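K.L.:
Below is the structure I would like to discuss, written out as structure tokens.
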Amino acid sequence: KMFVVLLISALVSSAIAGYVQMEDSVRQFSSRAWLKETQMKTDKHEIQAVFVLKHDEIAIKEFETTLIELSTPSSPKYGQWLKPQDIINKISPSAEKVKVVTDFVESFGVKGDKIRVSKYNDLVFVTMPISIAESMFRTEFALFRSTLQREVVIPRITKPYFLPTEVASVVSLVDEIMRFPAIRNSPKSYGYESSTDPAFSSCGTKCAGFTTPSVLESAYSFTQLTSAAPGNSMSVAEFQYQYYDQTDLDTFSSACGVTSTVATTIGGNNPNICTNLGGCVEALLDIEYIDAVANPIPLTVIYSSSFSLLNWVNGVISMANPPLVHSVSYGNDEVQQTSVAYMNSCNVQFMMAGSLGLSILFASGDQGVWGRSGVGATFNPDFPAGSPYVTAVGGTDFSTKSVVGSESVWSCGGGGFSDTFAAPSWQTDVVAAYLSAAAASGVLPDSSLFNATGRGYPDVSALGGQVNPYCVAYSGGSFGGVAGTSASCPVVAGIFAQLNNVRLLQGKSSLGFLNPLIYANPTCFNDVKDGSMNNCNAGTTGFATIPGWDPATGFGSPNYACLAKVVV
């Protein structure tokens, strides 16, 4: 028996001699949210694999220092954003490393027109038949169908993948072959209630009691713009068959007294899904509310069918004139991201975006501290919300239903501490203060549940809970209530787009990476400090809101009037 085991081991070793298993920490090649349907017909299906090249670690550390210097208001270099060529000169992989990948791909018969190298020489996109991909990566593919959106089918590998040693020495991972995307599905509420505050009825009786643009103006002290500064722009990112239709945007605009329009669409749009199937609620939420806050700043909808955040952000920074503010309401638990290499690769792209003067905001999640993985032995932090290089937006509720005033944390608003990334320099003091104060008050969860040295999130918050859900027009002109940090994020993004307007009108640069600015101005946010908790599940614990920053609501919700003074 021992001889047989040794023989089998020798055969396996021989089969992969000269190859390296990529992302070797991955042990699972399936997802509860995706059902394996069948082995693919390898001669009839194509995939686009993305080779993610390694960056020099020392260069990346130096680049991070540059980003913080450019993003810190007290720095003499504040706002002096880089040009694409500056980034290429500082951190892009060499042409020789790119050639290692392209030569390898071409050795399988893949032609040059099926190979594309990114603007920054760090991603190589390869379109090829599954049969070639299986040979190239020494693995197998199958089709998987979403359990939530049955029309969504994707190819993914069913076992580990490998690259030759020489290629693996320059490649961190191959994207778009293994990761399963999280389908976005915000909490819905279709009833409505009367309110004594007319702001809650400002979109008509069908939205009575819901959060409206007028409610947000009152809560966060902004007013609608009359004009956009030259060069100002903003964007929402959409994935997973989330489209929009003009009928619903017009209905919302008319009912709420705002203007909701899309200036540019990248990646296509299919409005028939919205009217015929009643879908598109998530995209309409994003568009209606970032526009409700910041129109007429031009809005770009960036739709991606690839499900890849890495591809999305690389596409953004590769644009000739990318939008200055980006709202993204998608994410997953860190433990569901399959590998640290993937998260690190995303982080580099986020840093690049910030250094170009772009602001990227992510929703913090809708499952409280427990994440999409659910209640367990530890909390489950979110990514990308837990990335040190994006702004994470949490969710709140009005403390008193249908009364504009103080806020509590929405119990299911995502927040906590990263298990992967350390607390960044601009955050360490407030995190230490929170841990000390929460412990002294007896509200700090047991230390076994979270990583006290990790990057804390969210950074800020806005209304997003189910006490007064957002009024949304959908399905050809119907109205309903939608909750979630997916609502909070475009609102905060719209406010920062307005703040860019203030700067640009004075001849200043865009705000870019926001977090050093936010942490330098805590008094410009409405502090949530009533002891409410983001546990999301009755009978469990979470992080409590206390005075100052906390991992439930960050610094709280934005006070535009205050921020408009400090950004200039």
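The values are calculated or read from the model by the stated rules, or taken from the named source; none is laboratory data. It should be emphasised that the depicted structure is a prediction, and the values quoted were computed from it without experimental measurement. Please note: Cβ atoms are built from the backbone with ideal geometry, for glycine as well, and neighbour counts cover all protein chains shown. Side chains are part of the model used for accessible areas, which takes the heavy atoms of the whole protein and leaves out ligands, DNA and RNA. Shrake-Rupley method; radii C 1.70, N 1.55, O 1.52, S 1.80 Å.
K.L.:
Based on alpha-carbon centroids, what's the gap between the stretch 48-72 and the stretch 150-180 in Å, whole number please?
P.N.:
After rounding, the separation between the Cα centres reads 22 Å.
K.L.:
Which residues make up the longest stretch of the chain clear of trypsin sites (Lys or Arg not before Pro) that lie in a DSSP loop with no more than 15 other Cβ atoms within 10 Å, not counting the sites?
P.N.:
On the way: sites that count: K1, R27, R32, K41, K44, K77, K111, R150, K401, K508.
That would be 151-400.
K.L.:
With a/c under 1.5 counting as rounded, go ahead and sort the stretch 115-246 into rounded, prolate or oblate using the C-alpha gyration tensor (a ≥ b ≥ c being the square roots of the eigenvalues; past the cut-off, prolate if a/b is larger than b/c, else oblate).
P.N.:
Values: a/c = 3.92, a/b = 2.09, b/c = 1.88.
Prolate is the answer for the stretch 115-246, as a/c is 1.5 or above and a/b outweighs b/c.
K.L.:
When Lys and Arg each count +1 and Asp and Glu each count -1, what net charge do the other residues less than 15 Å away from N521, Cβ to Cβ, add up to?
P.N.:
Details: positive: R503, K565; negative: D429, D459, D527.
Spelling it out: positives minus negatives among the neighbours equals -1.
K.L.:
Taking the Cα atoms of the stretch 183-307, report the difference between the largest and smallest coordinate on each principal axis, in whole Å and largest first.
P.N.:
45, 38, 22
K.L.:
Ok, one more. Output the Kirkwood hydrodynamic radius of the chain, Cα pairs only, in Å rounded to one decimal. Numbers along the way, then the final one.
P.N.:
Working: mean 1/r = 0.0412 Å⁻¹.
Result for the chain, one decimal place: 24.3 Å.
K.L.:
For the stretch 117-186, with all protein chains present and a 1.4 Å probe, just round the carbon and sulfur fraction of the accessible area to a whole percent. Don't skip to the answer; put the middle values down first.
P.N.:
Working: 1010 of 2110 Å².
Carbon and sulfur together cover 48 percent of it.
K.L.:
Shifting gears a bit: Is the stretch 510-568 rounded, prolate or oblate when judged by the Cα gyration tensor, a ≥ b ≥ c being the square roots of its eigenvalues, rounded requiring a/c under 1.5 and prolate requiring a/b larger than b/c? Don't skip to the end; give the middle numbers.
P.N.:
On the way: a/c = 3.34, a/b = 2.40, b/c = 1.39.
Prolate shape, in that a/c is at least 1.5 and a/b is the bigger ratio.
K.L.:
Same structure again: For the chain, which cysteines have no disulfide-compatible partner, meaning no other cysteine Cβ under 4.7 Å?
P.N.:
Lone cysteines by the Cβ rule: C346, C489.
K.L.:
Alpha carbon centre of the stretch 330-400 versus the stretch 240-254: separation in Å?
P.N.:
Each part reduced to its Cα centre gives a spacing of 27 Å.
K.L.:
What's the FRET efficiency of N89 with S373 using the Cβ-Cβ distance as r and R₀ = 35 Å, to the nearest 0.05?
P.N.:
Computed FRET efficiency for N89 and S373 comes out at 0.30.
K.L.:
Right, next: Please report Rg over Rh for the stretch 426-568, where both radii come from the alpha carbon positions and Rh follows the Kirkwood definition. Mind dumping the intermediate values first?
P.N.:
Numbers: Rg = 17.2 Å, Rh = 16.8 Å.
In the stretch 426-568, Rg relative to Rh is 1.02.
K.L.:
Follow-up. How large is the Kirkwood hydrodynamic radius of the stretch 347-442, in angstrom, based on all distinct alpha carbon pairs? Spell out each step's value before the answer.
P.N.:
Details: mean 1/r = 0.0661 Å⁻¹.
For the stretch 347-442, inverting the mean 1/r across all distinct Cα pairs yields 15.1 Å.
K.L.:
Let me ask something additional. Quickly work out the T247-to-T428 label distance, labels modelled 7 Å from Cα along the C-beta direction, and quote it in nm with one decimal.
P.N.:
For the pair T428/T247, the computed spacing is 5.7 nm.
K.L.:
Oh, and also: Take peptides 314-324, 221-231 and line them up by average Cβ neighbours within 10 Å, highest first, as a rough protection proxy. Display every interim value, and only then the final one.
P.N.:
Values: 314-324: 18.2, 221-231: 13.8.
Packing order, densest peptide first, comes out as 314-324, 221-231.
K.L.:
A follow-up question, please. Full extension from S107 to T223: what is 0.36 nm times the residue separation minus their Cα-Cα distance, to one decimal in nm?
P.N.:
On the way: separation 116, 0.36 × 116 = 41.76 nm, distance 5.92 nm.
Residue separation times 0.36 nm, minus the Cα-Cα distance, leaves 35.8 nm.
K.L.:
Can you tell me how much longer the chain between A17 and K36 gets when fully stretched, taken as 0.36 nm per residue apart minus their C-alpha distance, in nm with one decimal?
P.N.:
Details: separation 19, 0.36 × 19 = 6.84 nm, distance 2.99 nm.
Extending this stretch completely gives an extra 3.8 nm.
K.L.:
State which stretch of the chain is the longest one without any exposed GluC sites (Glu not before Pro), exposure meaning a DSSP loop state and at most 14 other Cβ atoms within 10 Å. Provide the component values of the computation, followed by the final result.
P.N.:
Values: sites that count: E151, E193.
The reported range is 194-568.
K.L.:
How much accessible area per residue does the stretch 504-568 have, counting only protein heavy atoms and a probe of 1.4 Å, in square angstrom?
P.N.:
Numbers: 2300 Å² over 65 residues.
Dividing the accessible area of the stretch 504-568 by its residue count gives 35 Å².
K.L.:
For I47, what residues show an amide H to amide H distance below 5 Å, using hydrogens built from the backbone and excluding near sequence neighbours?
P.N.:
M128, I130
K.L.:
Given the Cα-Cα distance of R145 and Q28 and 0.36 nm per residue of separation, how much length would full extension add, in nm? Numbers along the way, then the final one.
P.N.:
Values: separation 117, 0.36 × 117 = 42.12 nm, distance 1.68 nm.
Using 0.36 nm per residue and subtracting the Cα-Cα distance, I get 40.4 nm.
K.L.:
Continuing with this model, one more query. Roughly how many percent of the accessible protein surface of the stretch 300-340 is carbon and sulfur, given a 1.4 Å probe and a whole-percent answer? Don't jump to the answer; show the numbers that get you there.
P.N.:
Working: 590 of 1060 Å².
That share works out to 56 percent.
K.L.:
Would any residue of the stretch 207-244 have its amide N under 16 Å from a label point 7 Å out along Cα→Cβ of K565? List them or say none.
P.N.:
Residues passing the 16 Å test: 221-222.
K.L.:
Extending each Cα 7 Å along its Cβ direction at T275 and S447, get the distance between those two points in nm, one decimal.
P.N.:
My value for the distance between the label points is 6.1 nm.
K.L.:
Residues of the stretch 115-131 with backbone nitrogen within less than 18 Å of a virtual label 7 Å along the Cα-to-Cβ line of E96, please, listed as ranges.
P.N.:
From the stretch 115-131, the list is 121-122.
K.L.:
Would you grab the residues whose amide H sits under 5 Å from the one on V20? Only those 5+ places off in sequence or on another chain, please, with H modelled 1.01 Å from N.
P.N.:
L163, T165
K.L.:
A further question on this structure: With a sphere of radius 11 Å drawn around the Cβ of I317, what net charge do the other residues whose Cβ falls strictly inside it have (Lys, Arg +1; Asp, Glu -1)?
P.N.:
Local charge sum for I317: 0.
K.L.:
Here's something else I'd like to know. Quote the Stokes-Einstein diffusion coefficient, in whole µm² s⁻¹, for the stretch 14-146, based on the Kirkwood radius over alpha carbon pairs, a temperature of 4 °C and a viscosity of 1.567 mPa s. Walk me through the numbers on the way to the answer.
P.N.:
On the way: Rh = 18.1 Å.
The estimated diffusion coefficient comes to 72 µm²/s.
K.L.:
Among DSSP beta bridges lying fully in the chain, give the percent that are antiparallel, nearest 5.
P.N.:
On the way: 47 of 72 bridges.
Roughly 65 percent of the beta bridges in the chain run antiparallel, per DSSP.
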